[in-house]
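Asker: This is the structure I have questions about; it appears just below.
The values are calculated or read from the model by the stated rules, or taken from the named source; none is laboratory data. All values derive from a computational prediction rather than experimental measurement. Cβ placement follows ideal geometry from the backbone for every residue including glycine, while neighbour counts extend to all protein chains displayed.
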Amino acid sequence: MRKGLMWVYDYIFYKLFRFADGTPSKLWPTEFKALATLCVIEAWLLVATAIVLSLDHGVVTGPNTISIVIAVSVVFGSNYLLFEWKDRWKNIVKRFEQWPRKKQVIGGYFVWSIMLGAAAWVVVCFTVLLP
């Protein structure tokens, strides 16, 4: 069992997995939909953070294609190793499915508040900080 922040990261993946499992589209496997969603959110956060860090140097520039490709590649590669490789996602889902309903609801509020905060951060960075 993972400890610390990895435990939180696993739970975020689990909630995205449950959310993706409820979607009507069966074109892609559920674990891939959850992993792709997590990767896109992380890539947006990386690019938005890069915009904020560029403010320290007095130059605010929008993200270029190469930085987006690098961010997505690094994020997808690391997430693949954490969740998909050797089907680690199955153990994560199995572990969190055993939680009681009340704990699941509280955890859901926690995860979706993190997601809303991340979305707000990205919107602020792309609309307010970029000229």
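Asker: Consider Val128 carefully, then state whether it is more than 18 Å from Tyr11 (Cβ to Cβ), β-branched (Val, Ile, Thr) and over 19 Å from the mean Cα position of the chain (by Cα).
Answerer: Values: more than 18 Å from Tyr11 (Cβ to Cβ): yes; β-branched (Val, Ile, Thr): yes; over 19 Å from the mean Cα position of the chain (by Cα): yes.
When the stated conditions are applied, Val128 passes them.
Asker: Check Ile114 against each of (1) loosely packed, with under 12 Cβ neighbours inside 10 Å; (2) touching a residue at least 60 places away in the same chain (Cβ under 8 Å) and name the one condition it does not meet.
Answerer: (1)
Asker: Oh, and also: Among the residues of region 32-46, count how many are surrounded by 19 or more Cβ atoms within 10 Å (Cβ to Cβ) and in contact (Cβ under 8 Å) with a residue 60 or more places away in the chain.
Answerer: 1
Asker: I've got another one for you. Among what's in region 7-31 and is aliphatic (A, V, I, L, M) and at pLDDT 85 or above, pick the residue that is surrounded by the fewest Cβ atoms within 10 Å (Cβ to Cβ). First the steps, then the outcome.
Answerer: Step one: of region 7-31, the residues aliphatic (A, V, I, L, M) are 8, 12, 16, 20, 27.
Okay, now just the ones that are also at pLDDT 85 or above, so 8, 12, 16, 20.
Numbers: Val8: 14, Ile12: 20, Leu16: 21, Ala20: 19.
It comes out as Val8.
Asker: Moving on to the next point. Among the listed residues Lys102, Lys33, which satisfies the condition of being farther than 21 Å from Lys3 by Cα, within 13 Å of the chain's Cα centre (by Cα) and among the charged types (D, E, K, R)?
Answerer: Working: Lys102 fails: within 13 Å of the chain's Cα centre (by Cα).
So the residue among Lys102, Lys33 that is farther than 21 Å from Lys3 by Cα, within 13 Å of the chain's Cα centre (by Cα) and among the charged types (D, E, K, R) is Lys33.
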